[in-house]
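J.: If you scroll down you'll find the structure; I have some questions about it.
The values are calculated or read from the model by the stated rules, or taken from the named source; none is laboratory data. Quick caveat: nothing in here was measured; it's all calculated off a predicted structure. Methodologically, a virtual Cβ is constructed for each residue, glycine included, from the backbone with ideal geometry; neighbour enumeration extends over all protein chains shown. Only protein heavy atoms, including side chains, enter the accessible area calculation; ligands, DNA and RNA are left aside. Shrake-Rupley method; radii C 1.70, N 1.55, O 1.52, S 1.80 Å.
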Amino acid sequence: MIATPIGNRDDITLRAINVLREVDRILAEDTRHSRRLLDHLGIQRPMLALHEHNEDEASQRIIDLLLQGESLALISDAGTPLISDPGFPLVRQCREHGIAVIPIPGASAVIAALSVSGLPTDRFRFEGFLPRKQQARLTYLQTLRRETATVVFYESSHRIEESLKDIAEVMGAQRHVVVARELTKVHETVLAGAVDDVYARVCDDENQRKGEFVVVMAGMPADDGDSPGDADALLSVLLEELPVKQAAGLAARITGLKKNALYQRALALSKG
Ligand code: SAM
């Protein structure tokens with residue numbers, strides 16, 4: 001499992017280069033994309049595609065190659081394989097077959113962003129990408145509202161604005177976030193502050209919506225318990241899709257608050 005750069009091509013390790021030179025074959029998420037990096041490094045090895053659309057079928061064929069004695073390297077388009085990237089079914093099958101899987105560590109956007117965020121890193125929760133649809137995103141964010149560890153998301157240029165807006169709606173406008181954009185690249189920027197402030201800066205500047213993003217969000221502050229307003233906000237979202245009883249039941253599971261009290265609030269909100 002070989003990490004490759006997340007932008008700056010110098011962020012490849014000497015060990016990664018040596019191993020890529022030596023293996024029988026290189027498995028790549030997008031062979032054309034990775035060929036550019038390999039050409040830059042002067043490496044020419046046979047390649048095989050392993051991406052999210054073929055990884056279940058391709059993994060069996062790859063296991064056969066490994067059992068025949070081939071040594072294979074897996075790389076993804078950027079960063080560490082399997083981190084929001086293909087490879088999990090293959091690694092699991094390798095383990096089941098007793099095939100050695102060796103990490104060649106290096107860049108990963110989640111770790112790079114955390115290391116410059118200024119937010120606690122002793123405990124963090126990596127959430128990959130948030131749901132694309134707004135309703136699902138809001139409901140999902142509700143499940144993270146009481147998380148006290150730092151939370152990290154990956155985000156694309158298409159949704160960075162909406163996601164920040166939704167984080168402000170669910171977590172409150174004052175929740176601290178850090179938006180790390182284009183890390184290790186020419187247009188690297190790191191915006192930090194209250195989420196409504198960072199959201200405004202992203203809205204005001206078109207350039208701040210371009211490229212690749214990691215959002216690092218502070219965990220719930222110790223003094224930020226559930227207030228009636230928070231429960232109402234959650235219930236209002238759930239009531240858009242569900243009848244009162246189900247909305248109250250789900251809200252109780254998410255918040256840990258009493259179902260009966262939530263049912264009464266949901267009833268009042270639905271009438272209101
Ligand atoms: N495997 C990669 C890793 O180890 O970071 C992540 C792959 S995931 C498909 C791609 C996402 O990672 C992007 O949409 C973005 O959220 C994040 N990302 C990758 N490179 C980045 C960079 N240079 N700056 C900020 N975020 C980046």
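J.: Given the Cα atoms of the chain, and with Rh set as the inverse mean 1/r over their pairs in the Kirkwood sense, what is Rg to Rh to two decimals?
T.: 1.06
J.: I'd like the distance between the alpha-carbon centres of region 234-269 and region 187-223, rounded to an integer number of Å.
T.: The distance from the Cα centre of region 234-269 to that of region 187-223 comes to 31 Å.
J.: Right, here's the next one. State, as an integer percentage, the relative contact order of region 109-217 based on alpha-carbon contacts under 8 Å between residues 6 or more apart.
T.: 32 percent
J.: Next up: Stokes-Einstein D for region 167-272 at 10 °C, 1.306 mPa s, Kirkwood Rh over Cα pairs, in µm²/s?
T.: 100 µm²/s
J.: Separation between the residue 245 and residue 203 pseudo-spin-labels, each 7 Å from Cα along Cα→Cβ, expressed in nm?
T.: According to this spin-label approximation, the distance is 4.1 nm.
J.: While we're here: Straight-line reach from residue 165: which lysines have a Cα under 23 Å away, not including same-chain ones fewer than 8 places off?
T.: Straight-distance partners of residue 165: 133, 210.
J.: Helix-only estimate, please: 222 nm mean residue ellipticity of the chain, summing -39500 (n - 2.57) across DSSP H runs of length 4 or more and dividing by its residues, to the nearest 500.
T.: Result for the chain: -13500 deg cm²/dmol, rounded to the nearest 500.
J.: How large is ³J(HN,Hα), in whole Hz, for each residue of region 61-67 in order, when computed from phi with the Karplus curve 6.51 cos²θ - 1.76 cosθ + 1.60 and θ = phi - 60°, using x for Gly and Pro?
T.: 5, 5, 4, 4, 4, 5, 5
J.: So which lysines pass the test for residue 259, namely a Cα distance under 24 Å, with those fewer than 8 places away in the same chain ruled out?
T.: Answer for residue 259, where 24 Å is the Cα cut-off: 245, 271, listed by chain and number.
J.: Report in % the part of the accessible area of the chain that belongs to carbon and sulfur, leaving out ligands and nucleic acids; probe 1.4 Å.
T.: Carbon-and-sulfur percentage of accessible area, whole number: 50.
J.: Can you tell me which of 245-253, 60-68 comes out highest on packing, and rank the rest after it, using the mean Cβ neighbours within 10 Å?
T.: With the highest mean Cβ count within 10 Å placed first, the list reads 245-253, 60-68.
J.: So what is the relative contact order for the chain, in percent, with contacts set as C-alpha pairs under 8 Å and at least six apart?
T.: Computed over the chain, the figure is 16 percent.
J.: Calculate the length of the line joining the C-alpha centroid of region 1-47 to that of region 111-179, in whole Å.
T.: Result: 31 Å between the Cα centres.
J.: Run the numbers on region 228-271 and let me know its relative contact order in percent, using alpha-carbon pairs under 8 Å that are six or more apart.
T.: Reported as a whole number, the value is 42 percent.
J.: Taking region 228-271, how much of its Cα-Cα pair set, in percent, is spaced more than 15 angstrom apart?
T.: Here the tail beyond 15 Å accounts for 20 percent of pairs.
J.: Just to be sure I understand: of the beta bridges DSSP finds with both ends in the chain, what percent are antiparallel, rounded to 5?
T.: 60 percent
J.: Here's another thing I want to ask about it. Enumerate the amide H contacts of residue 148 below 5 Å, restricted to partners 5 or more residues apart or on another chain; note that Pro and chain-start residues carry no placed amide H.
T.: Under 5 Å from the amide H of residue 148 lie the amide H atoms of 220, each far enough along the sequence or on another chain.
J.: What number comes out for the charge environment of residue 207, summing +1 per Lys or Arg and -1 per Asp or Glu over other residues with Cβ under 11 Å away?
T.: 0
J.: Less than 11 Å Cβ to Cβ from residue 183, Lys/Arg counted +1 and Asp/Glu -1: what total charge do the surrounding residues give?
T.: Net charge around residue 183: -2.
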